[in-house]
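**Student:** Structure provided below as structure tokens; questions to follow.
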Amino acid sequence: MNISVLIPTYNNSHFLPCAVESVLSQTLRPLEVIVADDGSTDDTAEVVAQYGKDVRYLRFPHGGVYTVRRAALQEVRGDWFFNLDADNFVEPDFLERAAACIAETASATLAFIYPDRITFGDYERLQPAPEFSMERFKLGNYVDMNSVIRTDVARSFGFDPAFNSGWGDYDFFLTLAKNGWTGRRMQDT
């Protein structure tokens, strides 16, 4: 299983090392790690340069997070990609568990694997996400954009730049679900 990691960022150089190091220390090595810079004006380029060939740096004119995700997605080489926002990090076995979850789900319509989440700054409180259901999903989004997504499906449906200021994750996953694609919750993440 080959999983790329895509880290979109805008002026998050102070958080970026934690995100990058969390994916470089995975028990299942990612195919590639891409930092997609949305025209940052801080020292993002210098921070990424410290990782050498372990991280591919793509710089785009500032256009918003979904504009950058959409553009960077064209550079992703993995069959699946993990979208990790620059101000987040994952446990060392996250990609290994994601790959196992994908492998054990024998479904041609599986398009995304999503984790539970911990609210930023509240590291003691896990917020378990429910299992995926279109009926439940219509009531509100519970799938975080920090998910593992099939690259070909994401390219087909893209990320709508109209949602750069919010709701883009809900629009993206709702569009997939309305087109017959399904998701699966990763247990204990």
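The values are calculated or read from the model by the stated rules, or taken from the named source; none is laboratory data. These numbers were taken from a predicted model, which means no experiment stands behind them. We place every Cβ from the backbone using ideal geometry, glycine too, and count neighbours over all the protein chains shown.
**Student:** Among the residues that make up the stretch 86-99, is at least one of them of a type in the set (S, T, N, Q), surrounded by 20 or more Cβ atoms within 10 Å (Cβ to Cβ) and either on the phi > 0 side of the Ramachandran plot or touching a residue at least 12 places away in the same chain (Cβ under 8 Å) (or both)?
**Tutor:** No, there is no match, as no residue in the stretch 86-99 is of a type in the set (S, T, N, Q), surrounded by 20 or more Cβ atoms within 10 Å (Cβ to Cβ) and either on the phi > 0 side of the Ramachandran plot or touching a residue at least 12 places away in the same chain (Cβ under 8 Å) (or both).
**Student:** Moving on to the next point. Against the conditions (1) part of a loop (DSSP other than H, G, I, E, B); (2) of a type outside the set (A, V, I, L, M); (3) modelled with pLDDT of 95 or more, where does residue 89 fall short? Just the number, please.
**Tutor:** Just one mismatch for residue 89, condition (3).
**Student:** Name the single residue, out of those in the stretch 152-171 being in a helix (DSSP H, G or I) and out of contact with any helix residue (DSSP H, G or I) (no Cβ under 7 Å at 6 or more places or on another chain), that is surrounded by the fewest Cβ atoms within 10 Å (Cβ to Cβ).
**Tutor:** So the residue we want is 152.
**Student:** Which members of the stretch 26-78 meet the condition of being over 30 Å from residue 183 (Cα atoms), surrounded by 15 or more Cβ atoms within 10 Å (Cβ to Cβ) and of a type in the set (Val, Ile, Thr)?
**Tutor:** 44, 47, 48 - these are the residues of the stretch 26-78 that are over 30 Å from residue 183 (Cα atoms), surrounded by 15 or more Cβ atoms within 10 Å (Cβ to Cβ) and of a type in the set (Val, Ile, Thr).
**Student:** Kindly list, by first and then second residue, each pair from a residue in the stretch 6-22 that is free of Cβ contacts under 8 Å to residues at least 40 places away in the same chain and under 12 Å from residue 43 (Cβ atoms) to a residue that is surrounded by fewer than 17 Cβ atoms within 10 Å (Cβ to Cβ) and hydroxyl-bearing (Ser, Thr, Tyr), limited to pairs with Cβ atoms under 8 Å and residues at least 6 apart or on different chains.
**Tutor:** From the stretch 6-22, the pairs are 11/41.
**Student:** Going through 81, 112 one at a time, which residue ends up being buried (at least 20 other Cβ atoms within 10 Å of the Cβ), at pLDDT 90 or above and hydrophobic (A, V, I, L, M, F, W, C)? Quick ask: steps written out before the conclusion?
**Tutor:** Values: 112 fails: at pLDDT 90 or above.
Just one listed residue meets the conditions, 81.
**Student:** Report yes if some residue within the stretch 48-69 is charged (D, E, K, R), assigned to a loop (DSSP other than H, G, I, E, B) and either within 14 Å of the chain's Cα centre (by Cα) or within 22 Å of residue 160 (Cα to Cα) (or both); otherwise report no.
**Tutor:** No; the residues of the stretch 48-69 include none that is charged (D, E, K, R), assigned to a loop (DSSP other than H, G, I, E, B) and either within 14 Å of the chain's Cα centre (by Cα) or within 22 Å of residue 160 (Cα to Cα) (or both).
**Student:** Another one. Residues of the stretch 30-70 being within 28 Å of residue 171 (Cα to Cα) and touching a Leu at 6+ places or on another chain (Cβ under 8 Å), which ones?
**Tutor:** Listed by number, the residues that qualify are 30, 33, 34, 35, 36, 37, 69.
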